[in-house]
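The values are calculated or read from the model by the stated rules, or taken from the named source; none is laboratory data. Model, not experiment: these values are computed from the prediction. Methodologically, a virtual Cβ is constructed for each residue, glycine included, from the backbone with ideal geometry; neighbour enumeration extends over all protein chains shown.
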Amino acid sequence: MPKAIHSIWWDDNLGPSVGRSYPETDNLTSEEALIIFMGHGVNREAEIGYSKLPRGLFISYMKPPNCIAIHLKEDENPTIIERNVLRLVKYIDFNSDTWDAELQRAFELLNELIDETSGAELLTNPGVKKLVEDFAKKRMTSIKPKHVLRASVRYPEAYDYFGTDDAEVVRLLKDLEDENLLESRTYGRRIECRQCGASDLTVELLCPKCDSNDIHKVYTLFCPKCSNQFHAVMMDDIAEVVCQHCKEPIKVGELSIIDVEPLCNQCGTASNDPRIVFRCASCGKYLRGADLLAGTGLAYYPKK
Ligand SMILES: [Zn+2]
Ligand SMILES: [Zn+2]
Ligand SMILES: [Zn+2]
């Protein structure tokens with residue numbers, strides 16, 4: 001259970017300023033608020049921020065112009081807290097008039113989410129139960145990823161009105177157009193497969209010399225245990241790599257990747273500039289420039 005939750009507010013004259021805290025005994029200083037806020041980049045582009053302050057680690061979430069920050073206990077796993085902060089934020093009303101109550105509610109909910117998604121509680125989830133059973137009975141052997149780039153359309157300007165569920169925002173805008181409150185007009189281009197109309201892509205890397213897709217990746221990695229950098233070739237199906245410096249095993253899900261250099265298994269070419277090929281994630285069509293920009297973007301205006 002984290003120590004506290006804080007809000008940091010953007011003020012047009014003062015910049016980032018200390019908002020509320022829960023529990024109220026654990027307030028931020030304005031210096032701390034500034035450091036946490038700036039951890040999201042000058043343009044507030046990063047959604048999640050990590051700030052290591054003298055009194056501990058803070059994980060923050062930016063929803064411009066405001067930000068919330070969670071103060072972690074020493075032994076807490078930051079990746080678990082980050083996942084649950086991302087679960088939490090859709091339940092926070094960032095425009096609340098009663099921030100004291102809102103923050104208290106958020107803090108309690110965060111703790112519930114952390115409980116629900118760990119230990120014995122996690123195993124009471126019916127989906128989890130079924131998965132464990134299916135693994136045991138070999139009905140399922142692994143869960144493999146499909147790397148899809150989601151070229152989704154978003155309308156951030158509508159979030160204050162309709163919430164942040166992008167697909168629902170698009171549906172509502174279409175509803176409003178059908179009800180003659182809004183009209184849509186062309187705006188830019190969007191990615192759309194000309195064969196099937198889908199907007200999801202997969203990316204393939206090919207050797208720039210021989211076009212083979214049999215490519216190894218040589219990673220430059222950061223060891224969280226000894227803070228040194230080391231190189232490793234990562235094949236599929238490994239769970240841990242061993243740091244060359246401190247010889248400690250590190251879970252692959254916890255690695256920080258600093259650089260990757262692809263190495264072709266067919267012709268031995270190492271290149272930082274492999275050929276990049278996009279395919280439609282739905283029908284597999286090889287997408288060329290015209291496909292990538294085939295769709296028409298839509299902007300919405302009040303209906304005259
Ligand atoms: Zn397609
Ligand atoms: Zn190490
Ligand atoms: Zn090659």
**Prompt:** Given the conditions (1) assigned to a loop (DSSP other than H, G, I, E, B); (2) not assigned by TED's automatic domain parsing to the domain that holds Glu157, and given that Tyr219 satisfies all but one, which numbered condition is not satisfied?
**Reply:** (1)
**Request:** Being assigned to a loop (DSSP other than H, G, I, E, B) and not assigned by TED's automatic domain parsing to the domain that holds Thr164 narrows it down to one of Lys52, Lys73, so name that one.
**Result:** Lys73
**Prompt:** Which residues, taken from region 253-304, are surrounded by fewer than 15 Cβ atoms within 10 Å (Cβ to Cβ) and in a helix (DSSP H, G or I)?
**Reply:** Gly253, Glu254, Gly289, Ala290
**Request:** Please determine, by comparing only the residues of region 285-302 that are hydrophobic (A, V, I, L, M, F, W, C) and under 12 Å from Ser199 (Cβ atoms), which one is farthest from ligand 1 (Cβ to nearest atom).
**Result:** Leu293
**Request:** Being within 20 Å of Phe94 (Cβ to Cβ) and either surrounded by fewer than 20 Cβ atoms within 10 Å (Cβ to Cβ) or β-branched (Val, Ile, Thr) (or both) is the filter here, so list the residues in region 5-18 that pass it.
**Result:** Ile5, Ile8, Trp9, Trp10, Asp11, Asp12, Leu14, Gly15, Ser17, Val18
**Some residue of region 130-151 being in a helix (DSSP H, G or I), surrounded by 15 or more Cβ atoms within 10 Å (Cβ to Cβ) and away from ligand 2 (no atom under 16 Å from the Cβ)** = no
**Complete:** The condition of being surrounded by 12 or more Cβ atoms within 10 Å (Cβ to Cβ), at pLDDT 85 or above and over 30 Å from Asn95 (Cβ atoms) holds, among Val218, Val169, only for Val218
**Asked** Considering only residues of region 266-284 that are under 12 Å from Glu204 (Cα atoms) and out of contact with any Phe, Trp or Tyr (no Cβ under 9 Å at 6 or more places or on another chain), which is farthest from ligand 1 (Cβ to nearest atom)?
**Response** Pro274
**Request:** Only residues that are without any contact (Cβ under 8 Å) to a residue 60 or more places away in the chain and closer than 16 Å to Ala4 by Cβ: list them for region 76-100, please.
**Result:** Pro78, Asn84, Val85, Leu88, Ile92
**Prompt:** Is it the case that region 102-123 has a residue that's surrounded by 15 or more Cβ atoms within 10 Å (Cβ to Cβ), without any contact (Cβ under 8 Å) to a residue 60 or more places away in the chain and not in a helix (DSSP H, G or I)?
**Reply:** yes
**Message:** Just checking, does region 230-239 include any residue being part of a loop (DSSP other than H, G, I, E, B), surrounded by 15 or more Cβ atoms within 10 Å (Cβ to Cβ) and modelled with pLDDT under 90?
**Reply:** yes
**Request:** Select, from Cys196, Cys207, the only residue that is within 16 Å of ligand 1 (Cβ to nearest atom) and either in contact with a strand residue (DSSP E or B) (Cβ under 9 Å, 6 or more places away or on another chain) or of a type in the set (S, T, N, Q) (or both).
**Result:** Cys196
**Filtered residues of region 172-195 (kept if surrounded by 12 or more Cβ atoms within 10 Å (Cβ to Cβ) and not in a strand (DSSP E or B))** = Leu172, Leu173, Lys174, Leu176, Glu177, Leu181, Ile191, Glu192, Cys193, Arg194, Gln195
**Message:** It is to be established whether one or more residues within region 232-247 are out of contact with any helix residue (DSSP H, G or I) (no Cβ under 9 Å at 6 or more places or on another chain), of a type outside the set (D, E, K, R) and in contact (Cβ under 8 Å) with a residue 40 or more places away in the chain.
**Reply:** no
